[in-house]
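Undergrad: Quick one: the structure is below, and I'll ask about it shortly.
The values are calculated or read from the model by the stated rules, or taken from the named source; none is laboratory data. Because the structure is a prediction, the values reported are computed rather than measured. Note: ideal-geometry Cβ built from the backbone for every residue, glycine included; neighbour counts use all protein chains shown. Just the protein is used for accessible areas: all its heavy atoms, side chains included, with ligands, DNA and RNA removed. Shrake-Rupley method; radii C 1.70, N 1.55, O 1.52, S 1.80 Å.
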Amino acid sequence: MLKSLHKRHSELAKSKRQVEILSNGIFQSGDLPKFKDKIAESNQFPLKANKLEILQINVGYMCNQVCAHCHVDAGPDRKEIMTKETMLQCLDVIKKTEAHTLDLTGGAPEMNPNFRWFVEEASKAGIKDFIVRSNLTIIRANKKYHDLPEFFKKHNVHVVSSMPHWTKGKTDKQRGNGVFDKSIQALKDLNAIGYGLPGSDLRLDLVYNPSGAFLPGNQMALEKDFKKALLDDFDIQFHNLFAITNLPISRFLDYLIASENYEDYMYSLVEAYNPEAVKNVMCTNTISVSWDGYLYDCDFNQMLNLPVKSKAKHISEYNSELLEGRSIVISQHCYGCTAGAGSSCQGNVT
């Protein structure tokens, strides 16, 4: 079983080392332009934050899976978990802001011992789109999680689930042996109570990440292939597929370096750069909250320990006036969100 970078005591477990790699080498030598110089060509530097629309909260890095590409470096050995005190501070911000989307992520967010309480309390705030990012297998991991589909339905949770491929081999290669079969069973459980069905308000979306050092294909074409294969082979339905580019950080960066694909991958990202995608990157309308309450421009910056450029740095200090219009912290990993059709936690941005 793959171990997290932290468990392996890898130098890449240190966010500072990851930032050093992204800042030096082919970018330091000038072989490739740094991201800030690239967006300056189209007068988009510095990137500025707009009004908050999406509050993304990482409730902990603990996970029942250890996926090869995971940018969180999540796993069973990760003990970072958001406390109830920090959750209360998040709830206070949810009630005060006009954010229309609440996005709970992890690790496996369901493994936080206060997860259900938090969902119940947050659902009272009247958020328009309440997302929980589930790895699916958690639903089948233990009897105490078997009723999660009913719990999600009760609170009208929008389930966004990871599904690398419609075949067993490619899925298990990226996410671990047995993941595909458990994911299929979890999807059937969700379908059985109405999730993902045509015309259903119970939203079920899937997320596709490439399994190697290449960019995702056309999102609409991938969705069509996924829908046909899952329906034909397993009688499973879902609403949308989000194609997300793997960013060169954490375990995917480790893979790129180990397989000697790092430079080629960065060339691919830079060559696919799309200035139109910059206009809609998620950091412009999203704030990411870490398990310990600190604020970041996005989930990826959180993993690189690049906090927001603002006097308000913690959820307990949240201040819309200070945070709106702030300059967004960038580095070379940002090419991943601006390549091709662009990439965000909600899929393509152009």
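Undergrad: To the nearest 0.05, what FRET efficiency results for N142 and E321 with a Förster distance of 35 Å applied to their C-beta separation?
TA: Efficiency for this residue pair is about 0.20.
Undergrad: Using a 1.4 Å probe on the protein chains only, how many percent of the accessible area of the range 1-99 belongs to carbon and sulfur?
TA: Taking all protein chains in place, the range 1-99 shows 50 percent carbon and sulfur surface.
Undergrad: Let me ask something additional. Suppose R0 equals 35 Å; then what is the FRET efficiency for E121 and L2 from their Cβ-Cβ distance, rounded to the nearest 0.05?
TA: Taking R0 as 35 Å, the efficiency between E121 and L2 is 0.50.
Undergrad: Out of F118, V72, V278, whose Cα points farthest toward the positive end of the dipole of the chain (charges: +1 Lys, Arg; -1 Asp, Glu; placed on Cβ)?
TA: So the residue we want is F118.
Undergrad: Can you give me the distance in nm between label points at F234 and E271, each placed 7 Å from the Cα along the Cα-to-Cβ direction?
TA: Roughly 3.4 nm, to one decimal.
Undergrad: Per residue of the range 155-164, what does 6.51 cos²θ - 1.76 cosθ + 1.60 with θ = phi - 60° give for ³J(HN,Hα)? Whole Hz please, x for Gly and Pro, Karplus curve as stated.
TA: In residue order, the calculated couplings are 9, 6, 6, 7, 8, 10, 10, 6, 8, x Hz.
Undergrad: Sorting D232, D77, D201 by accessible area (1.4 Å probe), largest first, what list results?
TA: D201, D232, D77
Undergrad: What is the spin-label model distance, in nm, from E11 to A40 if the labels are put 7 Å beyond Cα along the C-beta direction?
TA: With each label placed 7 Å out from Cα toward Cβ, I get 2.9 nm.
Undergrad: Give the calculated FRET efficiency between N280 and D225 to the nearest 0.05, with a Förster radius of 22 Å applied to their Cβ-Cβ distance.
TA: Step by step, r from the Cβ atoms, then E = 0.30.
Undergrad: Over the range 237-350, average the accessible area per residue using a 1.4 Å probe and give it in Å², no decimals.
TA: 35
Undergrad: Roll a 1.4 angstrom probe over the protein heavy atoms and tell me the percent of accessible area of the range 200-350 that is carbon or sulfur.
TA: The computed percentage sits at 48.
Undergrad: Could you check the simple spin-label distance between T83 and S200, using points 7 Å along Cα→Cβ, in nm with one decimal?
TA: Between T83 and S200, the simple spin-label model gives 3.9 nm.
Undergrad: Which pairs break 22 Å Cα to Cα here: K3/K188; K16/K79; K153/K228? Let's see the in-between values first.
TA: Values: K3/K188 29 Å; K16/K79 20 Å; K153/K228 25 Å.
The answer is K3/K188; K153/K228.
Undergrad: Would you mind checking which residues have amide H under 5 Å from A243's amide H? H placed 1.01 Å from N; only 5 or more apart, or other chain.
TA: Excluding prolines and chain starts, which carry no amide H, the hits are Y208, N348.
Undergrad: Here's something else I'd like to know. By how many nm would the segment from D292 to N24 lengthen if fully extended, with 0.36 nm per residue of separation less the alpha-carbon distance?
TA: My answer for the length gained is 93.5 nm.
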